[in-house]
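Chemist: My questions will all concern the structure given below.
The values are calculated or read from the model by the stated rules, or taken from the named source; none is laboratory data. All values reported here derive from a predicted model rather than from experimental measurement. When we count neighbours, we look across all protein chains shown, and the Cβ atoms used for this are built from the backbone with ideal geometry, even at glycine.
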Amino acid sequence: MKSIRILRIVILLLVCANLFLMFKHYGKPQHPPKLSHIVRAEGLQARRLDKEMRRHHRAVQTCTKRLFKLRQSLANSNQKDIKRREELLDQIAHLQRQIDSVTVVHFDHVDALCTAQQKKRFLQFRKRLLQPHHFKN
């Protein structure tokens, strides 16, 4: 009798752990695959594409961290200090422009590395990537 109760508790704990892990896994946005997998590149070309992707990711990540700090400063700024808020907004706009510029250059580099068929695959991926999540087509 006691062993059946222990077995039920163990099963309940396993079900709860399984549900928690499923929620944790599916709650995260999916990481895009390597660029070489997207365009189906191999060998040296695949390494170059993945290296370009890592370079772009590092550049955007650096800017995004700075952007986050500036937005925090803006949110915590004194509403009477209009000049400081204008400076922060200008810095945020400059960083956003820099992120977009780095992304466009990245697209150009990838385009130069791809064959005609791979460019088609990359263009499809790029359209999906740039589409805001709340827009449904």
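Chemist: Return the residue satisfying two criteria in turn: it lies in the stretch 72-125 and is under 30 Å from L35 (Cβ atoms) and not in a helix (DSSP H, G or I), and of such residues it is nearest to the chain's Cα centre (by Cα).
Modeler: Going through the qualifying residues, I end up with C114.
Chemist: Looking only at the stretch 11-32, decide whether some residue is in a helix (DSSP H, G or I), hydrophobic (A, V, I, L, M, F, W, C) and in contact (Cβ under 8 Å) with a residue 40 or more places away in the chain.
Modeler: Within the stretch 11-32, not a single residue is in a helix (DSSP H, G or I), hydrophobic (A, V, I, L, M, F, W, C) and in contact (Cβ under 8 Å) with a residue 40 or more places away in the chain.
Chemist: Continuing with this model, one more query. Tell me whether the stretch 27-44 contains one or more residues that are at pLDDT below 90 and either in contact with a strand residue (DSSP E or B) (Cβ under 7 Å, 6 or more places away or on another chain) or over 28 Å from D111 (Cα atoms) (or both).
Modeler: Yes.
Chemist: Then there's this: Across the stretch 73-98, which residue is farthest from A46 (Cα to Cα) among those that are aliphatic (A, V, I, L, M) and surrounded by fewer than 16 Cβ atoms within 10 Å (Cβ to Cβ)?
Modeler: I82
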